[in-house]
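Asks: Quick one: structure below, then a few questions.
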Amino acid sequence: MKVLVTGGAGYIGSTTAAELLRRGHEVVVLDSLVRGHRAAVPTGAAFVHGDIADRSVLVPILAEARFDALVHFAAFAYVGESMSEPAMYLDNNVARSLVLFREALSHGVRRIVFSSSCTVYGLPARLPLDESHPKAALSPYGASKIMCEQALRWFADATPDLSAVALRYFNAAGATEERGEDHDPETHLIPLAIDAAMGHSEPLVIFGDDYDTKDGTCLRDYVHILDLAEAHALSVEAGDHEGFHAYNVGAGRAYSVREVLAEIEAVSGRPVPFKVGPRREGDAPALFAGTELIRDRLGWRAKFSSLARIVSDAVRWHPQSSTASVDRGE
Ligand code: NAD
Ligand code: UDP
């Protein structure tokens with residue numbers, strides 16, 4: 001199939017673009033590089049430098065390529081930043097996505113896969129989180145994902161041959177040989193803790209150790225980017241899949257912050273210096289996914305998402321790690 005991948009210069013998008021190519025699809029990446037890296041775009045994918053809402057870029061590529069599918073990653077993705085810059089998030093993640101969706105639909109694209117997030121659920125009323133859990137985002141970022149999901153639901157209702165899939169990722173983590181997490185600023189636990197272990201940053205701050213969990217720190221469901229990439233490929237390839245579908249993509253089990261740090265110490269052979277700080281506003285004590293739906297409908301299950309695999313891949317890839325060898329370019 002011919003697949004347009006927006007945000008394909010980013011962490012998850014570039015890994016998915018590589019997986020789509022590996023499976024024999026033709027891939028065009030559209031990315032403005034506002035937060036991504038040109039060097040992360042896999043060889044074999046065509047690269048178009050532009051914004052998803054720039055019709056002067058978008059319309060010619062849609063008209064020329066006649067894409068079978070759109071996989072839409074491009075967005076801003078920091079909960080904290082969205083609290084201080086809500087308009088920026090609603091503009092980039094919602095308004096610009098609507099331009100993209102509208103143009104894609106009018107150019108005959110009938111498969112759309114959208115990067116959603118478990119943040120759509122807000123604080124969990126029950127665990128594991130299944131897809132029918134009420135949505136109650138606590139941030140403009142989470143709300144932007146709900147709005148795009150809602151738009152896709154309406155588009156699917158109005159376009160009977162459209163398959164629109166929202167993948168609600170839990171904590172994307174890990175790396176491949178060629179690609180890994182390289183955000184600026186970085187806010188995610190695993191790369192920050194590896195940085196601290198390598199002595200390239202201040203000690204990690206654990207956001208609270210007085211939660212009602214086994215060791216007092218928060219529990220999260222870490223899912224390897226290779227597993228995420230496969231979930232996108234299966235969504236693109238699914239037959240008889242018209243309508244709107246939302247699927248959780250997680251490992252289905254949770255690890256505490258302290259367990260993650262212990263695994264990084266075991267893999268890297270270095271202690272992770274840390275301090276315990278106050279709780280971070282909006283953090284749920286525990287989050288993990290129910291994944292029966294995506295397993296039953298798409299045959300997906302996590303294969304690479306053990307904590308040991310995630311951490312060893314992340315440490316091997318990490319820019320400041322003594323074992324990292326990949327030149328990421330800019
Ligand atoms: P990322 O920042 O690494 O990648 C996003 C890419 O989109 C970047 O390359 C950026 O340059 C590009 N982009 C942003 N706005 C654009 C625009 N208007 N036009 C063109 N390109 C644009 O982020 P990521 O961690 O790979 O996340 C990808 C997607 O997954 C995002 O939609 C994010 O909200 C979602 N998500 C991520 C996580 C996670 O744990 N990383 C969890 C849940 C959901
Ligand atoms: N966390 C932490 N210190 C940090 C970053 C994260 O203690 O510097 C904790 C955070 O409270 C959460 C977990 O690590 O419980 C994962 O956080 P991350 O920001 O990586 O992802 P999130 O769960 O917020 O999407």
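Asks: Could you work out the local net charge near residue 174, counting Lys and Arg as +1, Asp and Glu as -1, over the other residues with Cβ closer than 11 Å to its Cβ?
Replies: 0
Asks: Now, a different point. Go through segment 95-183 and name the trypsin sites (Lys or Arg not before Pro) that are in a DSSP coil and have 13 or fewer other Cβ atoms within 10 Å of their Cβ.
Replies: Sites meeting the loop and neighbour criteria: 126.
Asks: Quick one: which of 115-125, 225-235, 56-66 comes out on top by average Cβ neighbours within 10 Å, and what's the full order, highest first?
Replies: Highest to lowest by the protection proxy: 225-235, 115-125, 56-66.
Asks: May I pose another question? What does the helix-only formula give at 222 nm for the chain: each DSSP H stretch with n ≥ 4 adding -39500 (n - 2.57), the total divided by the residues, and the result rounded to the nearest 500 deg cm²/dmol?
Replies: For the chain, the value works out to -10500 deg cm²/dmol.
Asks: What whole-number value in cubic angstrom gives the convex hull volume per residue for the C-alpha atoms of segment 93-173?
Replies: Once divided by residue count, the hull of segment 93-173 is 102 Å³.
Asks: Enumerate the lysines that residue 2 could reach by cross-link, defined here as Cα to Cα under 30 Å, with residues fewer than 8 away along the same chain left out.
Replies: Those lysines meeting the cut-off are 145, 303.
Asks: When only alpha-carbon atoms count, how far does segment 94-240 stretch along each of its three principal axes, as whole angstroms with the largest first?
Replies: 52, 38, 28
Asks: Scan around residue 5 for amide H atoms under 5 Å from its own, H built in the peptide plane at 1.01 Å from N, and keep only partners 5 or more places away or cross-chain.
Replies: 28, 29, 30, 71
Asks: For residue 275, list the lysines whose Cα falls under 29 Å from its own Cα; do not include residues on the same chain fewer than 8 positions away.
Replies: Cα-Cα hits under 29 Å: 214.
Asks: Same structure again: Of 266, 246, 198, which is farthest towards the positive pole of segment 174-324's charge dipole, taken about the Cα centre with +1 and -1 on the beta-carbons of Lys, Arg and Asp, Glu respectively?
Replies: Towards the positive end, the residue furthest out is 266.
Asks: Quick one: angle between helix 257-268 and the longest Cα principal axis of the chain, in degrees between 0 and 90, rounded to 10, please.
Replies: In the chain, helix 257-268 runs at an angle near 80 degrees to the longest axis.
Asks: Still on this structure: Mind pulling the angle between the C-alpha long axis of helix 140-158 and the longest principal axis of the chain? Nearest 10 degrees, somewhere in 0 to 90.
Replies: Helix 140-158 sits roughly 30 degrees off the main axis of the chain.
Asks: Obtain the radius of gyration and the Kirkwood radius of segment 200-291 from its C-alpha atoms and give Rg over Rh.
Replies: In segment 200-291, Rg relative to Rh is 1.10.
Asks: Report the net charge of residues surrounding residue 108, where surrounding means a beta-carbon distance below 14 angstrom and charges are Lys +1, Arg +1, Asp -1, Glu -1.
Replies: After counting each charged neighbour, the total is +1.
Asks: How much net charge surrounds residue 92 when only other residues with a Cβ under 15 Å from its Cβ are counted (Lys, Arg +1; Asp, Glu -1)?
Replies: Every neighbour counted, the sum reads -3.
Asks: Now, a different point. Using Cα atoms only, what is the angle between the long axis of helix 307-317 and the major principal axis of the chain, expressed in degrees (0 to 90) to the nearest 10?
Replies: Approximately 80 degrees, to the nearest ten.
Asks: Taking the radius of gyration and the Kirkwood hydrodynamic radius from Cα positions alone, what is the Rg/Rh ratio for the chain, to two decimal places?
Replies: Using only Cα positions, Rg/Rh for the chain is 0.95.
Each reported figure results from applying straightforward, stated rules to the coordinates on display, with no laboratory input. Quick caveat: nothing in here was measured; it's all calculated off a predicted structure. Neighbour counts are summed over all protein chains in view; Cβ atoms, including those assigned to glycine, are modelled from backbone coordinates with ideal geometry.
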